[in-house]
Each structure stands twice: as structure tokens, then as C-alpha cells.
Amino acid sequence: MNMKEYIEEAEGALLHTYNRYQVVFDKGEDVYLYDLEGKKYLDFVSGIGVFALGYHDEAYNDALKKQIDKIIHTSNYYYNVPAIEAAKAIKKASGMDRVFFTNSGAEAIEGAIKTARKYAYLKDGSTDHEIIAFEHSFHGRTMGALSITGTKKYREAFEPGIGNIKFAELNDIESVKNCLSDKTCAIILETVQGEGGIRPAKEEFLKQLRELCDAKDILLIFDEIQCGMGRTGSMFAWQKFGIKPDVMTSAKALGCGVPVGAFMMTEKAGQSSLVAGDHGTTYGGNPLACAAVCQVMKEFEEKDILKNVQEVGAYLWDKLEEVKSHHSEIIDHRGVGMIQGLEFDGPVAEKINAALAKGLVLINAGTNIIRIMPPLVISKKHVDEMIGILEECL
Ligand SMILES: *Cc1c(COP(=O)(O)O)cnc(C)c1O
């Protein structure tokens, strides 16, 4: 079958939950993707922040193959070495004390929500606790994660959600205080909002949240599913500010393609929340997924990924500032490291399609924002190549 025929098959078989771009990607090499017809594309999406190490990384592939030949799955009722090693590596990288592996980002969010509710329940025995989340946030598609997602169009048809959620404005501490009550058990936010428009939380705001949570014994939860794992130039975005959450989530680049997520917490949160029987998963943290995590963590160190993100990310920032300076339709440029966004004065879909036709993969965040989220291994020459094509599309 050719590409067009495959796309027709797909439209006949898959549920129509995505407006897919008219391309079937077949393989990847470094930071390039190839479609079924052999056309080459520069990838500035990395599968929405997943394939941080680039495609066809030999050491990564070998680590997975080796694990496949050993054992892929056991059960969380038994220990397995990759999960132990992966948890150790995550603890070291995050400074958190306890790790629970999930299969996806949304599941990590569910775990974080359950942790917060249980923490508060153990204190006062009541079951009407509230969570403060933020406008423009995105936390996933399961019912709990959806309930704390700030963009109403994602939620509306599926109401009622889990309930007792209040939405505040990012970087506005007064709006948070207005949502606060004696029932608040957690404040949850993306350290850099991704899907909702590449909006970084400010250091001062995070500090104020930390103080508020400390004063009221409320859990502060950072969703680092998209902005974590080196994307901002720090392993986790909050580390740049030194404002530590009580609970945090990771996924996307954590396994670089093998489905795996995690929620992590401090010893204090771990000691007074979930216990045996409270939470579980069949697949979560299986040996294959955790072998991927171990290898990703190893390569982040060996390749000094953070340094590359800092250097090339700064270069990318400067280049996008130049683009912005001579296109009045670009009304804002936000982000940090390799999670950046260009906000336009109208929809960007046509521009993204034009880029795709010219061999550049880009994606939106909301309707008016082009999200720039390349593999973390790109070099300046890839930035130049991207800018060249982007300019042609504007
Ligand atoms: C992608 C994302 C999620 C959901 O992750 P899934 O793996 O798609 O369930 C949650 N939070 C943030 C910030 C995300 O970017």
C-alpha cells in the first residue's frame, strides 16, 4: 500500500480523535524523520517532547533489545532490577525520595491527586478536599487529570469531573489566595505550561506558592511531564529556581518512546499518604519500560544533554527573536531552553502544514501558537535549517 492508501485505511479504522497531518512516518534517524515515500523531515516536535535523544540511538535500542531477550514483564508484586535502578536514577536526578512508575503522564497525575487527597484525609478524616489548578493548564485525558485541566473545551462534554477543583491564574498569587480554603489539599501546576501555550511560571510565584503550602500544610505538586527531563536546560524545570515540590510527575521523555511515567514525592509526603492497597498498576514500571528509563538517564549524563539544551536553546531563542522582529503577525515569543512558543495573531495550522510540505515538522499549542520542541540533541545547524524553512512559511 502507498501512503495515501494507508491514510485511507487509518481513517476507516481509527477513532477520529485526532485531526492527523497527512503523513505516515516510517522511520527516524538522528533528528530526522522519513515518511513511507522516503521523504525526509527535520523534526522539531520529537513526538511532543518524547524522543529527546533523537531517533535510532544505537545504545538505547540495544538496551531495549537486551531487556526484551531477558524479561519484559513480571508484576509489581515482585521486584525487578531495571525498576530498582530506574528509581535510584530518578531519585538522584530529582532529589525526590519515593517513586511510583506509571504507563503514561495522565496516570502519573492520577497518582499525584490520590496522594494529595490521602494526605489530607489522614489529617482530618474528611473527604471533601479541594485542589487548586490553573487556567491554561493541561494534565491529561483521564477523568482526574481532565478535571484539573484548565482549558474548558477539553472538559466540558465530560462533566462532571472529580469535583472540588478551583482554577487560579498562573503567576498571580492573589488569584490563588482567592481559591484557598481550609479544605485545600493541593496546588498543582506545570512549571512551564506546555499544551496551554508555553507559559513559564515565574520564580517569585513558585516561591510564594511554596510558602503558602508550607504555612497551610498543603501539598505542592509540579507537573513536569512536558517541561521536565532536561527540556528547559535543568533536569527538572523547578531545579533552576530551587523551589522543591512535595510531589511531582514525569513522563514523555522519561522513557524516550517506551510508554512510562512516574510520580515522585518527598519522604514526608510518602510517609503520610499512599500505603499498600491504595494504588497499583499492572504494567507500570515493568522491566522493559524501566530499562528504557535507566538508559535515558545514563545517556543524559554521558552526552551532557543539559549543557546542549542550555547552549543550543539560547541560540534558538536568539534566532526566534530575530524571526519575531520582522514578522508583526508574531505577537509573543515565550519559553526557555528547548520548549519555546511563537504566538501569532491568528491560527497557525496553515503555517504548520506549509512547513510539513517543506520537510519541517512543527506543532501547535492552542490554535495560535507554534510550539518548538525539538529532540534535545539538536545542534545550531539544525536550528538554522529550521529557521530557514520557517521563514519561507511565514
Ligand atoms: C502530555 C502531558 C500530560 C499527559 O500525558 P499522557 O502521557 O498523554 O497521558 C500531562 N501533563 C502534561 C504537562 C503534559 O504535557
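Can you list the lysines whose alpha carbon is less than 19 Å from that of Lys66, not counting same-chain residues fewer than 8 positions off?
Lys298
Which FRET efficiency value, to the nearest 0.05, is calculated for Lys380 and Thr151 with the Förster distance at 41 angstrom and r the Cβ-Cβ distance? Before the final figure, lay out the partial values.
Values: r = 34 Å, r/R0 = 0.84.
It comes out at approximately 0.75.
Explain nothing, just compute: Karplus ³J(HN,Hα) = 6.51 cos²θ - 1.76 cosθ + 1.60, θ = phi - 60°, for every residue of the stretch 112-123 in order, whole Hz, x for Gly and Pro.
Per residue, the Karplus-derived 3J(HN,Hα) values read 5, 4, 5, 4, 5, 5, 5, 4, 6, 4, 5, 7 Hz.
Normalised by the residues of the stretch 266-394, what does the relative contact order come to in percent, with Cα pairs under 8 Å and at least six apart?
Working: 126 pairs, mean separation 27.1, N = 129.
Contact order relative to length: 21 percent.
Calculate for the chain the 222 nm mean residue ellipticity that helices alone would give, adding -39,500 (n - 2.57) per DSSP H run of length 4 or more and normalising by residue count, nearest 500 deg cm²/dmol. Please report the intermediate quantities before stating the final value.
Values: 14 runs with 157 residues, N = 394.
Only helices count here, giving -12000 deg cm²/dmol.
Under 5 Å between amide hydrogens, which residues at least 5 positions from Lys202 or on another chain qualify, with H placed 1.01 Å from N in the peptide plane?
Amide H neighbours of Lys202: Asn171.
Once you put a point 7 Å from the Cα of Ile48 and another 7 Å from the Cα of Glu301, both along the Cβ direction, what distance in nm separates them?
Distance between label points: 3.1 nm.
Stretch Glu267-Asp69 to full length: gain in nm at 0.36 nm per residue minus the Cα-Cα span?
Details: separation 198, 0.36 × 198 = 71.28 nm, distance 3.53 nm.
Stretched fully, the Glu267-Asp69 segment lengthens by 67.7 nm.
In this model, which of Lys92/Lys240; Lys92/Lys166; Lys183/Lys244; Lys27/Lys381 are farther than 24 Å apart at the alpha-carbon?
Working: Lys92/Lys240 16 Å; Lys92/Lys166 33 Å; Lys183/Lys244 22 Å; Lys27/Lys381 22 Å.
Long pairs (Cα-Cα over 24 Å): Lys92/Lys166.
Return the FRET efficiency for the residue pair Met1, Lys358: r is the Cβ-Cβ distance, R0 is 22 Å, and the value is rounded to the nearest 0.05. Write down the numbers at each step before the final one.
On the way: r = 25 Å, r/R0 = 1.15.
Working from the Cβ atoms, E equals 0.30.
Determine the per residue accessible area of the chain with all protein chains present and a 1.4 angstrom probe, expressed in square angstrom. Walk me through the intermediate numbers first.
Numbers: 17960 Å² over 394 residues.
For the chain, the per-residue accessible area is 46 Å².
Ordered by packing density, taken as the mean number of other Cβ atoms within 10 Å over each peptide's residues, highest first, how do 313-319, 253-259, 52-58, 97-103 rank?
The most tightly packed comes first, giving 253-259, 97-103, 52-58, 313-319.
Please check which bits of the stretch 31-47 a label hung off Glu58 would reach, taking the label as a point 7 Å along Cα-to-C-beta and the cut-off as backbone N under 17 Å.
The answer is 31.
Between Ile84 and Ser175, what FRET efficiency follows from the Cβ-Cβ distance if R0 is 41 Å, with the result rounded to 0.05? Walk me through the numbers before you get to the answer.
Details: r = 42 Å, r/R0 = 1.03.
E(calc), rounded to 0.05, equals 0.45.
Highest mean first, how do 383-389, 66-72, 231-237 rank when packing is the count of other Cβ atoms within 10 Å averaged over residues?
Working: 383-389: 17.3, 66-72: 13.6, 231-237: 25.0.
In decreasing order of mean packing, 383-389, 66-72, 231-237 become 231-237, 383-389, 66-72.
The values are calculated or read from the model by the stated rules, or taken from the named source; none is laboratory data. From a predicted model like this one, the values you see are computed outputs, not experimental measurements. Cβ sites come from the backbone with ideal geometry, for glycine too, and all protein chains shown count toward neighbours. Note: areas computed on protein heavy atoms with side chains; ligands, DNA, RNA excluded. Shrake-Rupley method; radii C 1.70, N 1.55, O 1.52, S 1.80 Å.
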